[in-house]
Every structure is written in structure tokens, then in C-alpha cells.
Amino acid sequence: MTFPHSPFQIRDVEVPNRLVMAPLHEITDQPFRKFIREVGGVGLVVSEMISSEALVRHAVKAEKMMAATGERPLSMQVSGGRPEALAESARLCEAAGADLVDLNMGCPASNVTKGGAGSALLRDMRLAERCVTGMVKAVKIPVTVKMRAGWDASQKDRGEFMDFLRMFENVGIHALAIHPRTRVQQYTGHADWSIIARAVATGVSYPIIGNGDVNTREDAFRMIEETGCAAVMIGRGALTNPYLFRQILEPDLVVTTPMRIDATLRLFQILLDLLEPREALHKIKKIGAWFTKGVPGGHGFRQNLHAASDPVALMAAIDALRHQAVS
Ligand SMILES: Cc1cc2nc3c(=O)[nH]c(=O)nc-3n(C[C@H](O)[C@H](O)[C@H](O)COP(=O)(O)O)c2cc1C
């Protein structure tokens, strides 16, 4: 079995293994990507979604999201529903050093879909086609798409995603990630991996990346076995356990509580190196809460984490958690 160690290609971009960190809004920024690469095991990382409308009006916050140094390969994800803005934002990502540019066709948040972006594109295949075509024509780097199984159960049951798959092939995308929930499901229920299997079975020329509910090494192997997807994309599983990619590659790796606490500390150090202290604090409050799920003393830690008003208080909370875990 080639999974998960073998490399795969997204056109001419070589991804060193079959494990992809999912794009996560306000999480997979440059510090987090640096961190997760340092922990190891991940083959490809994807930026958080960046609004194409914000990029074309040169909003500082959006431009900062394109920050990337020495990350290879790196995919930057853009969102939007206007072909011209998406084409221009793809060019900006390419100029900022992206190896791949990805179109978000999955975000269920109503503030995104009401502007015609994210999963709203699943309701308008002609517009989606113009958006992807614009991006493909605008850049030399490969363009990829991340989509859901449909807007709602009836669209999913009609199998409309199959029409999207063929349209993507005609337009010339180079990989597709599928999170097989509908927009209406948001994050409830289960990811229906049979959709990924059906997508693979179409024999489209680009690799299909499976996503959704991979939380353990066993899940990753099962997804590959059940669907035949080319790679596995992991979001929340890697947030709860940042060693998950390594565990998939290294069956004997045991993740201990001190390792998880060290991870929290290391991410905070990277955040402090790369961001203003206030921003670093805000981010670690959000991500540290995920990292310590199930850790003994984690509940009290999360309370201290939220109360911490400066980096010193936060370090003290991490130390207290460590003492509690080893005592
Ligand atoms: C906090 C959070 C933020 C997310 N942000 C994005 C995003 O920016 N772009 C995107 O395409 N998907 C986003 N997603 C969806 C994930 O990439 C992924 O498709 C979903 O969580 C299912 O995978 P998982 O079960 O491995 O988490 C987000 C999900 C979560 C939980």
C-alpha cells in the first residue's frame, strides 16, 4: 500500500506524502503552519480562507494572510463569488509565493454565502465555472478547489456534485478536496465518505483529496481504503492532536500529555515570535483550548487561559497544567 508515505503530484507540484492540513479560518495562519510543519508528518498545508474582495481592495488584514516564508509546498485559499476578483486574488497569491491556489466552495457561514461565496457557489454551476476559469487563466500555478457534497440533501441526492466534477475537469483544475457534508448540515452528522468514493470512481484526471471526520490513524487508513482518494485532508483532528499526522506515519508513536502541553507552549512561542503579543494571546486562547481537550486538568487550564491578560499569565497557566499532569 502506497499510503501514507508516498509522494503525489498536483500537476508539477510534488507533495511529499498523502497528508494535508485543512484550511481553518483564523487558525491556519503563518504561525500555525510553521508550528504544524515543525511537529511533522504533514505533506501540504493550506492557508485560512482569504477574501478575494478584501485582497483586491488591498485590505491590510487580507494581505497579511498571504504572508509566507520558506513553506513548500503551500496552498493559499481564496473565497469569493466574483470571477474578476477571484482571478486577481489568485494572481496576488501567486506573486506572494503560493505553490497552489485553492477556491473555497465549501464555507457554510451565512456571512460568506450571502455574498455568493463559499458553498453558495454550489447553487450556481455557471458562476462557479466562470470563477474557476478566471483563476485558471490568471495564474501559472495549479488551481485547486475545495467543495462540499452539495447545498442541501436534495442537491446531494441528485448527484449534482458529479456535474461539478466534470466541469472542473473541462476547466482544468489540478486537484479537488471534498468535505462530504452539505451546506445545510454545517458540521453536524457525519461526513459521507461514499461521496468521495463516487468522485474517485468517475476517473477524473485530477487527484481527489478526501476530507471529513478523520480523527485517528485508523480513520485515515479507512478513508483511503473505502474511497481510494489520493490524499487525506485533516482539520479538527489535527487541532485536537497536532501529532496526528506523525501518528499516521509512525504507528508506534505514543502521544503523551506532556507532549500535548509542550505543543501548546511551542505554538505560543511561535505566535509571540511572529505576531504582536495581543494577537498572539488571542490566537493561543482559541487554539490552546483545542489542544488540551481530554488532557487531565484541561478544563481548569481553559478557564485560566481565557482569563489570562498577558503572556506571563498564560505561561503560568501552561506551567500549572504541566504540574497537574505530572503530579
Ligand atoms: C474552525 C474551522 C475553520 C474552518 N475554516 C475553513 C476555511 O477557512 N476554509 C475551508 O475551506 N474550510 C474551512 N473549514 C472546514 C475544514 O477545512 C474541513 O473541511 C472540515 O472541518 C471537515 O474536516 P475535519 O473533520 O477534518 O475537521 C473550517 C473548519 C473549522 C472547524
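Read the figures in this text as sums done on the coordinates, not as results from a lab. Since this is a predicted model, take the numbers as computed values, not measurements. Positions of Cβ are generated from backbone atoms using ideal geometry, with glycine treated the same way; all protein chains shown enter the neighbour counts.
Using the Karplus relation 6.51 cos²θ - 1.76 cosθ + 1.60 with θ = phi - 60°, the per-residue 3J(HN,Hα) values for the range 26-42 come to 6, 10, 7, 8, 4, x, 5, 5, 4, 4, 5, 5, 5, 4, x, x, 8 Hz, with x marking Gly and Pro. Note on residue 313 and residue 225: their simple-model spin labels are 4.9 nm apart, each label 7 Å out from Cα toward Cβ.
Per the Debye calculation on the range 257-326 with a single equal scatterer at every Cα and no solvent contribution, log₁₀ I(q)/I(0) for q = 0.20, 0.23, 0.27, 0.28 Å⁻¹ amounts to -0.70, -0.93, -1.29, -1.38. Over all orientations, the chain has a Cα convex hull whose mean projected area works out to 15.9 square nanometres. Across the range 131-138, computed HN-Hα scalar couplings (Karplus, 6.51 cos²θ - 1.76 cosθ + 1.60, θ = phi - 60°) run 5, 5, 4, x, 5, 4, 6, 7 Hz from first to last residue, x flagging Gly and Pro. In order along the range 168-177, the phi-based Karplus estimate (6.51 cos²θ - 1.76 cosθ + 1.60, θ = phi - 60°) of 3J(HN,Hα) comes to 4, 5, 5, 6, x, 6, 10, 6, 9, 9 Hz; Gly and Pro are listed as x. Seen from residue 298, the other residues with C-beta closer than 13 Å to its C-beta sum to a net charge of +4, counting Lys and Arg as +1 and Asp and Glu as -1. Amide H contacts of residue 50 (H built 1.01 Å from N, in plane; Pro and chain starts excluded): 77, 78, 79 sit under 5 Å, all sequence-distant by 5 or more or on other chains.
Each principal axis of the range 147-207 carries a Cα extent, and these read 31, 16, 16 Å when sorted largest first. Here the calculated FRET efficiency for residue 72 and residue 153, from their Cβ-Cβ distance with R0 = 35 Å, stands at 0.30, rounded to the nearest 0.05.
Sorting 273-279, 205-211, 168-174, 133-139 by their mean Cβ neighbour count within 10 Å, with the most densely packed peptide first, gives 205-211, 133-139, 168-174, 273-279. When peptides 107-113, 48-54 are sorted by average Cβ neighbour count within 10 Å, with the highest value leading, the order is 48-54, 107-113.
Proximity of backbone amide H atoms, modeled 1.01 Å from N, is registered between residue 181 and 149, 192 at under 5 Å, excluding neighbours fewer than 5 places apart on the same chain. Of the residues 67, 307, 177, the one that moves most in a GNM of the chain with alpha-carbon contacts below 10 Å is 307.
Can you tell me, using C-alpha contacts under 8 Å and at least 6 residues apart, the relative contact order of the chain as a whole percent? It rounds to 14 percent for the chain.
Candidates 159, 256, 31 compared by Cα position along the dipole of the chain: farthest toward the positive end lies 159, with charges placed on Cβ. Length gained on full extension, residue 124 to residue 202: 25.9 nm, using 0.36 nm per residue less the C-alpha separation. Taking every C-alpha pair closer than 8 Å and separated by at least 6 residues, the mean separation divided by the residue count of the range 257-326 gives a relative contact order of 39 percent. With a Förster radius of 51 Å applied to the beta-carbon distance between residue 250 and residue 64, the computed FRET efficiency rounds to 0.90. Bridges between two residues of the chain, per DSSP, are antiparallel at a rate of about 10%. Going through the cross-link list 61/293; 61/283; 61/146, which pairs have a Cα-Cα distance over 18 Å in this structure? Correct reply: 61/293; 61/146. Give the aspartates and glutamates whose C-alpha is closer than 14 Å to that of residue 140, dropping any in the same chain fewer than 8 places away, or say none. Partners found: 12, 88, 94, 99, 102. Net charge dipole, the chain: roughly 460 debye, given to the nearest 20, about the Cα centre with Cβ charges of +1 for Lys and Arg and -1 for Asp and Glu. Fully extending the segment from residue 12 to residue 188, taken as 0.36 nm per residue of separation minus the present Cα-Cα distance, adds 59.7 nm.
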